[in-house]
Amino acid sequence: MKCVPAAACMLAAASMLLAATPMMGQDVLDIVRKVDEATLKVKSITYNFRITPLEGNPNQFGMISGQAKLIRVTDLDDSPFHVVIDNPATDGPPGSNPILVVAFDGETAYRINHEDRTHRWAKMAEDGEDLLDRRAMLARMIEFTHPTPFSDELNADSLKLEGSKEIGEVDCHVVHVVYENQMAEARWYFGKKDFLPHRVERINGGYALELTAVNPKAEIKAADFALKAPEGYDSEEYSTQPRLLAVGKEAPDFELQSGEGKTVKLSDLRGHVVLLDFWATWCPPCRLAMPGLQKLHEHFKDRKVKIIGVSTSEDEDPVEGPIRYMKEQKFTYGLLVEGDKVAEAFKVRNLPTFYLIDAEGRVAFTHVGFDKANEERLQTLIEELLEKAKK
C-alpha cells in the first residue's frame, strides 16, 4: 500500500466530508429567509387554490379547486379560516366529494354542504374537528398563520435552488427541500417579487397545492368565519353523540314503577304538563337540582302538572336507594325507579337531563346539567304550556 503525503491525505478527507454534507448555497438561504419574513408579515390573505395529486401518488379525491381566506392570530390553533370547495373531483362514489364551505372562527367549526343542503356547526373542543373536511384542510396553507412560517425549511437537511417557473402569472424561484433527518421532502415555488409561497409539492403527502390571485392585504371581516345557514337549508349543531329528542317530537311512551310500587304509564298522563328529570343518587349535579324541582312541585301541585324524577344508572340498590334518598331529603314529587331503558329511549347520556312534555305528549323543552336559572325558566315554560292547553 502506498503512503501519500499527510497534506494530501487531509485534503482528500476534507473533500470527502464536503461531498457527504448537504450543500446550501447562500442564495437559496437568503431566498428562504426573505420568504419567512414576508410570510410572517401577512396578517390576512385570500387566494384561489388548486389541489392536484402528484404523478404516481393518486389520492382519494383527485383534483379540486376553490377559494380560501385566512387571518393570523397569536395562537396558531385559534387561527380562523374559510375554505370554499367549488370544483370538487368528479371521480369517486356519488356524494363522496361534495361542494363544500368549511370555516373556523377561532372557537366553532362550520360546514355547509350544498349537495345535501345542510348547515352544521360544533365547538372545536367538542366535535368540531369532524366537520373540517380533509380536502379543505389541505387547501389551508398553514404557513400564512404559523408563528415561524419557514423554520422547518431553514433548518432542513438540504435546500436546493432548482431554477425558475411561472405559477399563474407569477415568476417563482423553485426550491427543493429535504427536511431534517430526511423525514420528508417538498418542492416550493416562491414569488421573486413578493417572496410569498405560490405552490408547494408535498412529495410525501402525494399532492400539490397551487395558489393564484393571492391577495396578502385582503380586508376580511370576522363574520366571514361564522357561517350562516343559507335559506332553506337544514341547520343544526353537529354531534357524534346521540342527540336528545327534538322539540315537537312525540315523547316515547313507557311504563315504570313508582316509589309507592304503582305502575305509571306516560300516555296515561295526557292532559298534564309533565317534567321528567333523569337522575341518580350518586350524581352531585342531580342532587343540586332536586330542591328546585321540589319548589316547582309545590308551586303547581294543585294544577295539571306532574314533576317526576326518573332514577337511572343505579349500580347498587336501584329501587330502595332512590326511594330512601327522596325520603331523607323530604322530596315529595313523583319518583319512578329502574329507568335505564327509558333513559335510552330518551337518548339520555348525561345526568341530570330534563324533558318538559306538553299536555299532548310532545317534547316542549330539553336541558342537560344543573343550572340554577333553569328553575325559573321551567316555571315560565310550564305556565305557558298550561295556558296553551286551555285553548
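The values are calculated or read from the model by the stated rules, or taken from the named source; none is laboratory data. In this text, all values refer to a predicted model and were calculated from it rather than measured experimentally. Cβ placement follows ideal geometry from the backbone for every residue including glycine, while neighbour counts extend to all protein chains displayed.
Counting only strands (runs of 3 or more DSSP E) wholly contained in segment 213-328, the ones carrying 1 or more residues that are under 30 Å from M141 (Cα atoms) occupy 234-237.
Among the residues making up segment 305-331, those that are surrounded by 15 or more Cβ atoms within 10 Å (Cβ to Cβ), at pLDDT 95 or above and not aromatic (F, W, Y) are V305, K306, I307, I308, G309, V310, S311, T312, P322, I323, M326.
Are any of the residues in segment 350-358 exposed (fewer than 15 other Cβ atoms within 10 Å of the Cβ) and within 34 Å of the chain's Cα centre (by Cα)? Outline the logic, then answer.
As a first pass, look at segment 350-358 and keep what is exposed (fewer than 15 other Cβ atoms within 10 Å of the Cβ): 350.
Adding the requirement that they be within 34 Å of the chain's Cα centre (by Cα) leaves 350.
Yes, segment 350-358 contains a residue that is exposed (fewer than 15 other Cβ atoms within 10 Å of the Cβ) and within 34 Å of the chain's Cα centre (by Cα).
Residue-by-condition table, conditions (1) of a type in the set (A, V, I, L, M); (2) within 20 Å of I85 (Cβ to Cβ):
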residue	(1), (2)
E162	no, no
E166	no, no
V174	yes, no
Q182	no, no
R187	no, no
V200	yes, yes
I203	yes, no
L209	yes, yes
V214	yes, yes
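Filtered by the rule that a residue be over 16 Å from L29 (Cα atoms), of a type in the set (A, V, I, L, M) and touching a residue at least 60 places away in the same chain (Cβ under 8 Å), segment 143-193 gives no residues. Residue check: is L266 surrounded by 14 or more Cβ atoms within 10 Å (Cβ to Cβ) and farther than 18 Å from L351 by Cα? Taking the combined requirement at face value, the residue satisfies it.
Could we say that R303 is touching a residue at least 40 places away in the same chain (Cβ under 8 Å), touching a Gly at 6+ places or on another chain (Cβ under 8 Å) and of a type in the set (K, R) here? Show your work before the answer.
Details: touching a residue at least 40 places away in the same chain (Cβ under 8 Å): yes; touching a Gly at 6+ places or on another chain (Cβ under 8 Å): no; of a type in the set (K, R): yes.
It is false that R303 is touching a residue at least 40 places away in the same chain (Cβ under 8 Å), touching a Gly at 6+ places or on another chain (Cβ under 8 Å) and of a type in the set (K, R).
Among the residues in segment 332-339, are any surrounded by 15 or more Cβ atoms within 10 Å (Cβ to Cβ) and either farther than 16 Å from I308 by Cβ or within 36 Å of the chain's Cα centre (by Cα) (or both)?
The answer is yes, given that some residue of segment 332-339 is surrounded by 15 or more Cβ atoms within 10 Å (Cβ to Cβ) and either farther than 16 Å from I308 by Cβ or within 36 Å of the chain's Cα centre (by Cα) (or both).
T145 meets all of the listed conditions (1) in contact with an Asp or Glu (Cβ under 9 Å, 6 or more places away or on another chain); (2) among the polar types (S, T, N, Q); (3) surrounded by 17 or more Cβ atoms within 10 Å (Cβ to Cβ) but one, namely (1).
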